[in-house]
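The values are calculated or read from the model by the stated rules, or taken from the named source; none is laboratory data. Note that the structure is predicted; figures quoted are calculated from it, not measured. Positions of Cβ are backbone-derived with ideal geometry, glycine not excepted, and every protein chain shown enters the neighbour counts. Remember, those area values only see protein heavy atoms, side chains included, never the ligands or the DNA or RNA. Shrake-Rupley method; radii C 1.70, N 1.55, O 1.52, S 1.80 Å.
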Amino acid sequence: MKSGVVLGIETSCDETAAALVINGKLIADRTTTQLLHEAYGGVVPELASRAHERLLMPAVSGVLKDAGVQVTDIDAVAATYGPGLAGALLVGVSFAKGLAKGLNIPFLGINHLEGHLWGAEITHGHIPQPFLGMIISGGHTITIDVQGFGKYTLLGRTHDDAVGELLDKAGRMLGYSFPAGASIDQDAMNFTGKPVHFPRARVKCDDRGFSFSGLKTAVLYYLRDKTRCQGVVPDSNAPGYAVNRGGLTGGKQPEGWTLNSVSQGNGYKLSPVERAAVSTGMLEAVSDMLINGLSVVWDNNKYKALVISGGVASSRFLRTRFERFADERNIPLYIPPSEHCTDNGAMIAYVGYRYMQSGYTSPLDLAIDPALGL
Ligand code: KG4
Ligand code: ZN
């Protein structure tokens with residue numbers, strides 16, 4: 001089975017991406033982030049699917065052109081089949097199956113999480129195993145014991161919001177545009193004052209677990225208290241974010257308050273410096289919770305490396321904390337470059353290549369799996 005030229009397709013959320021891996025090396029890579037969701041403060045699934053339909057073909061022809069490769073030179077097509085948004089996954093998987101059938105070449109359904117896990121090898125080469133993996137993104141916060149390629153044990157997971165989801169939702173309250181993670185990170189990197197202190201949450205009866213929804217509420221309460229101090233009356237008629245966009249879940253919102261009453265500026269308006277103090281405090285709390293999650297599962301006698309990926313791993317603020325964690329234990333740390341931490345087609349093409357090497361392909365009737373785990 002030829003596995004020289006693998007086309008990778010990623011359409012699980014709001015990035016439309018394609019990449020070509022030739023003999024295990026990344027040759028061409030195109031990612032388009034769908035900016036249209038910014039106006040809605042979150043990803044709108046139906047709009048994401050339609051945008052994938054529009055953007056996928058140009059991405060695929062783009063990487064073929066960049067690599068100087070003809071479509072008939074492709075030896076296998078890999079596409080993310082889960083986890084992710086159902087409609088969005090369908091666009092990529094249907095395209096990949098059609099191409100595979102038309103060219104009479106293998107199709108490979110790839111687990112998005114496996115892409116994040118192994119994507120670091122594209123830049124850093126072979127990662128020693130077993131290693132401890134952590135995926136921190138808009139949809140996931142997990143730690144995984146990786147014994148080898150395809151051999152995984154889930155160790156820790158979030159019990160409510162994913163860490164990127166927290167940053168995006170709290171970022172919205174603070175007036176950042178969606179997605180907020182990169183702006184929060186930049187503000188925190190430039191901030192030199194005293195950060196706001198927020199509580200660090202632990203999960204009862206699951207010391208490996210994570211919880212970020214309390215931090216989101218703490219930011220909301222902080223903004224409410226600021227407003228009260230200023231004598232500003234919150235607008236209790238403001239449309240409920242929780243109803244419209246699945247914002248706050250569980251727990252009780254402060255009386256008369258909605259996320260919109262904060263984000264639409266009915267409440268106290270933070271100065272840029274005050275906002276940066278909140279963002280820095282939030283990232284400090286996040287980093288302590290993530291580091292704690294790593295510490296409880298880390299085993300110096302077992303793991304040969306630490307791998308961290310997913311969009312939130314792009315954070316320069318968090319990277320310095322992860323580096324300190326690895327330095328203190330004298331272990332190699334692998335974090336992909338920023339463009340391969342966020343969703344991309346390169347990681348899918350690369351994992352597709354690895355599967356082809358092990359003689360594995362997927363049947364053409366493989367169904368998408370929006371809730372796929374590792
Ligand atoms: O991996 P990803 O592209 O998509 C998912 O699989 O969810 O991650 C997107 C998440 C968003 O929540 C975004 O705000 C966050 O990654 N993000 C960042 C940074 N860049 C993207 N968070 C912190 N710092 C960044 N520089
Ligand atoms: Zn992802």
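Ignoring ligands, DNA and RNA, how do 123, 11, 158 rank by accessible area with a 1.4 Å probe, largest first?
Ranking 123, 11, 158 by accessible area, largest first, yields 123, 158, 11.
With a 1.4 Å probe and every protein chain kept in, tell me what percent of the accessible surface of the chain is carbon plus sulfur.
Roughly 50 percent, rounded to a whole number.
List the pairs from 25/302; 216/304; 169/226 whose alpha-carbon separation is above 25 Å, in the order I gave them.
25/302; 216/304
Taking Cα centroids, how far is segment 116-167 from segment 286-348 in Å?
For segment 116-167 versus segment 286-348, the Cα centre distance is 9 Å.
Roughly what % antiparallel, to the nearest 5, for the DSSP beta bridges in the chain?
Counting only bridges with both partners in the chain, antiparallel ones make up about 60 percent.
Quick check: pseudo-label points 7 Å beyond the Cα along Cα→Cβ at residue 327 and residue 36, how many nm apart are they?
Between residue 327 and residue 36, the label points sit 4.5 nm apart.
222 nm [θ] for the chain, helices only, -39500 (n - 2.57) per DSSP H run of 4+, per residue, to 500?
Here the helix-only value at 222 nm equals -13000 deg cm²/dmol.
Taking the convex hull of the Cα atoms, report for the chain its projected area averaged over all directions, in nm².
The number I arrive at for the chain is 18.6 nm².
Order 151, 269 by their accessible area, 1.4 angstrom probe, all chains in place, largest first.
Output order, biggest surface exposure first: 269, 151.
Add +1 for every Lys or Arg and -1 for every Asp or Glu among the other residues with Cβ under 12 Å from the Cβ of residue 157, and state the total.
With Lys, Arg at +1 and Asp, Glu at -1, the neighbours total -2.
Relative to the longest principal Cα axis of the chain, at what angle does helix 272-297 sit, 0 to 90 degrees, rounded to 10?
Orientation of helix 272-297: about 60 degrees from the principal axis.
Below 12 angstrom from the Cβ of residue 277, what's the summed charge of the other residues (Lys, Arg +1; Asp, Glu -1)?
So the surrounding residues net to 0.
Can you give the accessible area per residue of the chain, in Å², using a 1.4 Å probe?
Heavy-atom SASA per residue in the chain reads 43 Å².
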